[in-house]
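The values are calculated or read from the model by the stated rules, or taken from the named source; none is laboratory data. In this text the structure is predicted, and so the values were computed from the model without any measurement. All Cβ positions, even for glycine, are placed from backbone atoms using ideal geometry, and neighbour counts span all protein chains on display.
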Amino acid sequence: MNIEDTLIMIPGPVPVVPRILRAMAKPVINHRGYEFAEMFDECRELLADLFQTKNEILLLSGSGTSGMEAAVGNLINPDETIVTVVNGKFGERFRDIGMRYGNTVPVESEWGYPIDLDAVAAALEDGADAVAMVHNETSVGMLNPADEVGKLARKHDALFIMDGITSIGGTPTPLDEWGVDVAIMGSQKCIAAPPGFAAVSVSKRAFQKMEDVKNPPYYLDLKAHRKSADKGQTPYTPSIPLFFAIQEALYIAHEEGLDARRQRHATGAAAVRAAADAMGIAMFPQPDEKSRYSDTVTAMKVPSGILFDQLKKEMLARGILIAGGQAHLKGNIFRIGSMGNFRSKDLLITIQMLESILHAHGAVSDSDFGAGIRAAGSVLMQ
């Protein structure tokens, strides 16, 4: 299968449209010159709208995880405590990063199940300095209640760090309303640029706390990034082609309209869920009244009659890449992304191929065959 013909339907990285690829082919410019400064400042302004915040935006050459580590490493001293909320793979990543920098109190739920807000409150009552959570846990396909965690953080005077890597730009994220002090976005997710870039929004309160942190990271020192940002620069050499890509990706997002873009993501995920229901495929996550299914990825249980490795192989043979489960969920679930610059036809092709393969293996009955594509189509046509 030609790599250029493969439809990538995973929760990131997502396909990069030719317009963005062409932007990356521009000549390299001086990262200390006025051309870069103009692009840098414009990206910060466009990202502030995407983040839905008035807080300062800083730009990092690094993956989303670099933003997670920057957030924790710049705010936590070794003798301070951070509460980390865990109900999936990336919540565990926050927990592990927290252990590198301070005393970590993990509040853990079974993967795919709602976070325990009472346990979060109890952990904060013990005097934690910060709480970190993943808003959109792609490993299980669930949106966690950032608004509720933000209320608890404010009540207990703790800083609130939010991984919005797979939600910012794809679902509503009113960060200032939620009281988020640091939020992180990754380039290869909802804005559909190549991997390797992270943006973070930082509140005044968080910057004040940074003055008391004794040993922040060197490369990811957010105070250094803020100082350089005032001059339209990064403190160290940035990936210039990637900045061209980010600028173009943000143009595309704003041309579509940010509200329309978020709604398209939500509709896409709803179409996948409708198709799954029509085919008798069970959702994996178990949201409650405060959490809900993700707008950017759908996690489903692998139906009886086929193993995930076979399903993935047969989908790829038809030119479509889907994702499986991580860690202990490997082989038990599969995930389809509705993220980035996808189109309705991308989802319909994916569902049609999925339904055909499952039918061939007896996982979809003759009487139900075709119901999935019809269900998805009815959602996408609304």
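Would you tally the residues in the stretch 175-232 being over 24 Å from the mean Cα position of the chain (by Cα) and among the β-branched types (Val, Ile, Thr)? The number of residues fulfilling the criteria is 1.
Note on the stretch 229-267: among residues that are of a type in the set (A, V, I, L, M) and closer than 19 Å to Met24 by Cβ, the one that is surrounded by the fewest Cβ atoms within 10 Å (Cβ to Cβ) is Ile252.
Of everything listed in (1) under 29 Å from Tyr251 (Cβ atoms); (2) surrounded by 24 or more Cβ atoms within 10 Å (Cβ to Cβ), the single unmet condition for Ala48 is (2). Condition check: farther than 23 Å from His31 by Cβ, modelled with pLDDT of 95 or more and not in a helix (DSSP H, G or I). Does Val200 satisfy that? When the stated conditions are applied, Val200 does not pass them. Only one of the numbered conditions (1) surrounded by 21 or more Cβ atoms within 10 Å (Cβ to Cβ); (2) out of contact with any Ser or Thr (no Cβ under 7 Å at 6 or more places or on another chain) is not met by Ala270, and that is (1). Those helices (runs of 4 or more DSSP H) of the stretch 222-333 in which 2 or more residues are of a type in the set (Val, Ile, Thr) occupy 240-256, 258-279. Out of the stretch 136-152, which residues are closer than 23 Å to Glu80 by Cβ and either touching a strand residue (DSSP E or B) at 6+ places or on another chain (Cβ under 6 Å) or at pLDDT below 95 (or both)? Within the stretch 136-152, Ala146, Val149, Gly150 meet the criteria.
Within the stretch 54-85, the set of residues being under 18 Å from Ala153 (Cα atoms), buried (at least 23 other Cβ atoms within 10 Å of the Cβ) and touching a Ser or Thr at 6+ places or on another chain (Cβ under 7 Å) comprises Ile82, Thr84.
Of all residues in the stretch 65-87, those satisfying the criterion of being in contact with a helix residue (DSSP H, G or I) (Cβ under 9 Å, 6 or more places away or on another chain) and either under 30 Å from Glu256 (Cβ atoms) or among the charged types (D, E, K, R) (or both) are Thr65, Met68, Glu69, Ala70, Ala71, Glu80. For the stretch 110-139, taking the residues that are within 23 Å of the chain's Cα centre (by Cα) and assigned to a helix (DSSP H, G or I), the one that is surrounded by the most Cβ atoms within 10 Å (Cβ to Cβ) is identified as Val120.
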